[in-house]
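Novice: Here it is, the structure, as structure tokens.
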Amino acid sequence: MSSPPPAKTPDKKSPSPEAKTPEKKSPSPEAKSSPGKKSPSPTGSPSSGAGAETTIEGILPASHWQPIQQDDDADSSLGDDDNASSTASLTSSILAYRTVHGRTFHSDRITDAQYWTPNDDQATEANDIIHHMLTLVQDGKLYRAPLDKSITRALDVGTGSGIWAIDFADEHPQCQVLGTDLSPIQPTWVPPNLKFEMDDATLVPWTFPQNHFDYIHIRYLFGSIPDWNSFIAQAFSCVKPGGWVESYEASCVFRSDDGTLLEGSPMDQWGRVFVEAGKKFGRPFDVVGDGLVPVAFREAGFEEVNEWEFKCPIGGWARDRKMKEIGEFALAGILQDIEGWILFVWSQVMGWSKEEVGVYVAHLRRQLRDPNVHAYCLMKCVYGRKPVSAE
Ligand SMILES: C[S@@+](CC[C@H](N)C(=O)[O-])C[C@H]1O[C@@H](n2cnc3c(N)ncnc32)[C@H](O)[C@@H]1O
């Protein structure tokens with residue numbers, strides 16, 4: 001399957017996978033206080049967004065979102081705090097997961113790193129769908145760095161379900177692959193050249209020897225890393241001279257080029273809340289919009305730093321067949337666990353109740369499925385090489 005050509009100017013209907021001129025995210029606080037305006041149309045409108053009551057940075061308060069009547073979507077799948085976790089009887093402290101509204105999160109007995117999505121099957125299945133989507137984007141390729149087939153050591157930081165590491169290990173049987181994560185949620189039947197370890201990547205210095213790996217892969221750690229410069233500096237230290245480090249991140253902000261994503265709509269609010277929550281939480285979410293990764297690569301001392309951007313359609317609205325399929329998988333991944341993605345951030349960081357989150361999610365689901373909204377999110381890959389002369 002061939003890729004559509006790079007987009008020089010945004011195509012309103014069919015986003016290009018290789019947008020050369022990234023659009024910098026800069027949320028404008030557009031909404032002024034307008035008490036009494038509480039029930040916008042589910043997909044928002046200029047009047048609902050621009051005139052409704054807001055708090056900070058254009059964020060509408062939880063009370064803005066009113067229950068959707070007669071709609072299955074209003075049935076939130078959020079669990080009950082009183083539900084016993086399936087792991088409750090296990091004595092191993094590494095499985096003593098935290099529970100928020102019935103969903104499990106990594107154990108805080110291992111490290112105090114806060115991670116914001118659950119670690120249960122629903123969450124990992126969503127990640128696996130997103131992995132498949134990105135594989136489609138890259139025509140089956142797992143990485144962009146020009147790796148030598150003879151590499152012998154690779155690291156996947158924040159490996160999640162291990163799906164990328166498993167595919168990479170299968171493709172490179174001569175290479176010892178290590179996947180690390182806060183949660184021991186990886187499968188046990190894996191290629192013989194792959195192993196998993198629990199490790200908190202925000203703890204510095206990393207415990208791996210210096211100049212150790214030929215390749216380090218980092219994917220979707222937005223909202224997890226307090227200091228990207230320090231984090232990428234650790235990767236620089238542990239990769240061999242001449243070796244490559246590669247990062248893929250997705251923006252938490254939905255955008256449209258044709259004005260179909262309205263200010264004040266649920267999808268618009270999604271990005272604004274994530275950006276604000278990242279400030280409160282001390283771990284930025286819009287890593288792509290803020291351009292943090294390329295800066296961190298250059299600061300660390302990498303050379304041949306390459307940047308590749310992709311506008312990932314959300315939903316099957318693109319005319320191009322391949323983009324349509326990619327958008328459908330992106331939407332399926334989001335819908336697979338939308339509650340899981342927002343639960344911790346909206347409730348623990350922003351202070352919304354479980355019911356308020358459920359009502360907002362119903363609005364969000366409805367807009368996500370609306371084919372008239374031509375939304376996309378920016379994804380960015382950055383890869384660079386440690387100079388051969390580096391110590
Ligand atoms: C969105 S998932 C992505 C998983 C995988 N990289 C992928 O692309 O399929 C992010 C993963 O990073 C892990 N993670 C978050 N913070 C971490 C940290 N400080 N150290 C290690 N892993 C972390 C989470 O537990 C989660 O499994």
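Novice: What is the one condition in (1) part of a helix (DSSP H, G or I); (2) under 19 Å from residue 228 (Cα atoms) that residue 324 does not satisfy?
Specialist: Checking residue 324 against (1) part of a helix (DSSP H, G or I); (2) under 19 Å from residue 228 (Cα atoms), the one that fails is (2).
Novice: Still on this model: So in the range 236-285, with the set limited to residues that are at pLDDT 95 or above and among the acidic types (Asp, Glu), which one is nearest to residue 154 (Cα to Cα)?
Specialist: Out of the qualifying residues, it is 246.
Novice: So residue 112 clears everything in (1) out of contact with any strand residue (DSSP E or B) (no Cβ under 7 Å at 6 or more places or on another chain); (2) at pLDDT 80 or above except one condition, right? Which one?
Specialist: Going through (1) out of contact with any strand residue (DSSP E or B) (no Cβ under 7 Å at 6 or more places or on another chain); (2) at pLDDT 80 or above one by one, residue 112 breaks only (2).
Novice: For the structure I just gave you, tell me whether residue 289 is without any contact (Cβ under 8 Å) to a residue 40 or more places away in the chain and either in a helix (DSSP H, G or I) or within 27 Å of residue 227 (Cα to Cα) (or both).
Specialist: Considered against the rule, which asks whether it is without any contact (Cβ under 8 Å) to a residue 40 or more places away in the chain and either in a helix (DSSP H, G or I) or within 27 Å of residue 227 (Cα to Cα) (or both), residue 289 comes out as no.
Novice: Could you say whether any residue in the range 335-354 is of a type outside the set (A, V, I, L, M, F, W, C) and touching a Gly at 6+ places or on another chain (Cβ under 7 Å)?
Specialist: no
Novice: Can you tell me which residues in the range 169-191 are more than 10 Å from the ligand (Cβ to nearest atom) and either without any contact (Cβ under 8 Å) to a residue 12 or more places away in the chain or charged (D, E, K, R) (or both)?
Specialist: 170, 171, 188, 189
Novice: Criterion first (assigned to a strand (DSSP E or B) and either touching a Pro at 6+ places or on another chain (Cβ under 6 Å) or buried (at least 23 other Cβ atoms within 10 Å of the Cβ) (or both)) does residue 380 satisfy it?
Specialist: no
Novice: If I filter the range 136-155 for residues that are within 12 Å of the ligand (Cβ to nearest atom), closer than 22 Å to residue 281 by Cα and not hydroxyl-bearing (Ser, Thr, Tyr), do I get at least one hit?
Specialist: no
Novice: Any idea which of (1) within 8 Å of the ligand (Cβ to nearest atom); (2) over 25 Å from residue 378 (Cα atoms); (3) among the polar types (S, T, N, Q) is the one residue 159 doesn't satisfy?
Specialist: Single failed check for residue 159: (2).
Novice: Also, quick follow-up: List every residue pair whose Cβ atoms lie under 7 Å apart, where the two residues are 6 or more positions apart in sequence or sit on different chains, the first residue falls within the range 136-149 and is among the aromatic types (Phe, Trp, Tyr), and the second residue, located anywhere, is at pLDDT 95 or above.
Specialist: Short answer, once both residue conditions are applied: 143/217; 143/246.
Per-residue answers, yes or no, for (1) surrounded by fewer than 23 Cβ atoms within 10 Å (Cβ to Cβ); (2) at pLDDT 95 or above; (3) part of a helix (DSSP H, G or I):
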position: 335; (1), (2), (3): yes, no, yes
position: 343; (1), (2), (3): no, no, yes
position: 346; (1), (2), (3): no, no, yes
position: 352; (1), (2), (3): yes, no, no
position: 358; (1), (2), (3): yes, no, yes
position: 364; (1), (2), (3): no, yes, yes
position: 372; (1), (2), (3): yes, yes, no
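Novice: Could you tell me whether the range 295-305 includes any residue that is touching a Ser or Thr at 6+ places or on another chain (Cβ under 9 Å), at pLDDT 95 or above and not hydrophobic (A, V, I, L, M, F, W, C)?
Specialist: no
Novice: Follow-up question, since we're still on this one. Can you spot a residue in the range 198-214 that is within 15 Å of the ligand (Cβ to nearest atom), touching a helix residue (DSSP H, G or I) at 6+ places or on another chain (Cβ under 6 Å), aromatic (Phe, Trp, Tyr) and within 20 Å of residue 386 (Cβ to Cβ)?
Specialist: Looking for residues that are within 15 Å of the ligand (Cβ to nearest atom), touching a helix residue (DSSP H, G or I) at 6+ places or on another chain (Cβ under 6 Å), aromatic (Phe, Trp, Tyr) and within 20 Å of residue 386 (Cβ to Cβ), one finds at least one in the range 198-214, hence yes.
Novice: OK, next. Touching a residue at least 60 places away in the same chain (Cβ under 8 Å) and either in contact with a strand residue (DSSP E or B) (Cβ under 7 Å, 6 or more places away or on another chain) or within 14 Å of the ligand (Cβ to nearest atom) (or both): is that true of residue 228 in this structure?
Specialist: yes
Novice: Could I ask something else about it? Any residue at all in the range 315-335 that is farther than 24 Å from residue 59 by Cβ and of a type in the set (Val, Ile, Thr)?
Specialist: Yes: one or more hits.
The values are calculated or read from the model by the stated rules, or taken from the named source; none is laboratory data. This is a predicted model, so every value here is computed, not measured. In this analysis, Cβ positions are derived from the backbone assuming ideal geometry, glycine residues included, and neighbour counts consider all displayed protein chains.
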